[in-house]
Amino acid sequence: MTADVIDGKAFAGALRGRIATLAADFTAQTGRKAGLAVVLVGEDPASQVYVRSKGKSTVEAGMASFEHRLPADTAEADLIALVNALNADPAVDGILVQLPLPGHLDEQTVIATINPDKDVDGFHVTNAGRLAVGQPGFVPCTPLGCLMLLKDRLGSLSGLDAVVIGRSNIVGKPMAQLLLAESCTVTIAHSRTKNLPDVVRRADIVVAAVGRPEMVKADWIKPGATVIDVGINRVAAADPGKTRLVGDVDYAGAAGVAGAITPVPGGVGPMTIAVLLRNTLVAAFRNSGIALADDAI
Ligand code: NDP
């Protein structure tokens, strides 16, 4: 069997097109653009790339981008004061504090300061709770993007066996909640799971969010399963001195067994920013009191 490739880049591109159309509708109705504020503390090179890319994508979608760059030694009180000012700013619909923060800043304290209705990353405990009890809220972008790809591929997920490898608050746990809400039978695996290959072999859906290059092997995959690879790992390339990105799944091997699989790069990665834009636009509609159909984006 050769798996179908789930083209996250193409899916994300189409999603961004729909978002741009709706963002224009929002501006026509309100006379302003939906706005995303991104806060970056310090000079972490990867974070700088992410923040630049988020700002560019926001503007391309017809929304307003507000970038706040603070020095690495920013006091927690000053960061919290900025978040409070953004909470109060009616031009700001979504607030994203880029993680990781420098070590002297407590991430949970800072995230807890964000108004949950502007928490477009879905990291606030109020939004984690809303997801757990099935209330509308904001869901972290990467797992929501994975769910969109799965539903596009499979339609109904009801009754399917899903294994999520990884239990982080930003990927594994919300992914499991989303799959449970779709009536999958969900197993969450982690570093203490016994006989992981056997656990994965049961799954119709495998979501790998571990951070270990090519850990999930072809013979762990049930024939025909749908494999979503969240991992982004930089490894040495064949050319000396060069590197390349690989996922958490042995793509070449797994593609011979799975029914469908996301590549790395070009699978889940492009979905994350597209869903961030989606969450920001949903926040803008909600915060402006304008009804938006659940399936609008
Ligand atoms: P974390 O490091 O927070 O979590 C990793 C999880 O994997 C933990 O729950 C850990 O278990 C589990 N784990 C580690 N080793 C093993 C093992 N040998 N067997 C089974 N489980 C194991 O990572 P994140 O959730 O933040 O990210 C996971 C991956 O996804 C990373 O590669 C990251 O770069 C990528 N990522 C990609 C995004 C995208 O946009 N595509 C966005 C976010 C992340 P335990 O809890 O027991 O320690």
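The values are calculated or read from the model by the stated rules, or taken from the named source; none is laboratory data. It should be emphasised that the depicted structure is a prediction, and the values quoted were computed from it without experimental measurement. Backbone-built Cβ (ideal geometry, glycine too); neighbour counts: all protein chains shown.
Each residue in region 105-125 was checked for being surrounded by 17 or more Cβ atoms within 10 Å (Cβ to Cβ) and in contact with a Pro (Cβ under 8 Å, 6 or more places away or on another chain), and 4 of them qualify. Criterion first (at pLDDT below 95 and either under 16 Å from the mean Cα position of the chain (by Cα) or within 14 Å of the ligand (Cβ to nearest atom) (or both)) does residue 232 satisfy it? No.
Residue 122 meets the conditions (1) assigned to a loop (DSSP other than H, G, I, E, B); (2) closer than 22 Å to residue 39 by Cα; (3) within 12 Å of the ligand (Cβ to nearest atom) in every case but one. The failed one is (3). Residues in region 107-148 that are within 23 Å of residue 266 (Cβ to Cβ) and of a type in the set (A, V, I, L, M): 139, 144, 147, 148.
For region 247-269, the set of residues classified as near the ligand (Cβ under 10 Å from one of its atoms) and surrounded by 21 or more Cβ atoms within 10 Å (Cβ to Cβ) consists of 247, 248, 262, 264, 267, 268, 269, listed by residue number. Checked against (1) of a type in the set (Asp, Glu); (2) more than 14 Å from the ligand (Cβ to nearest atom); (3) within 21 Å of residue 148 (Cα to Cα), residue 239 passes all but condition (3). Checked against the criterion of being touching a Cys at 6+ places or on another chain (Cβ under 8 Å) and in contact (Cβ under 8 Å) with a residue 60 or more places away in the chain, the candidates 228, 205 yield just one match: 228. Residue count for region 129-150 satisfying the condition of being of a type in the set (A, V, I, L, M, F, W, C), away from the ligand (no atom under 14 Å from the Cβ) and in a helix (DSSP H, G or I): 4. Restricting region 186-212 to residues that are away from the ligand (no atom under 12 Å from the Cβ) and of a type in the set (D, E, K, R), the residue that is farthest from the chain's Cα centre (by Cα) is 198.
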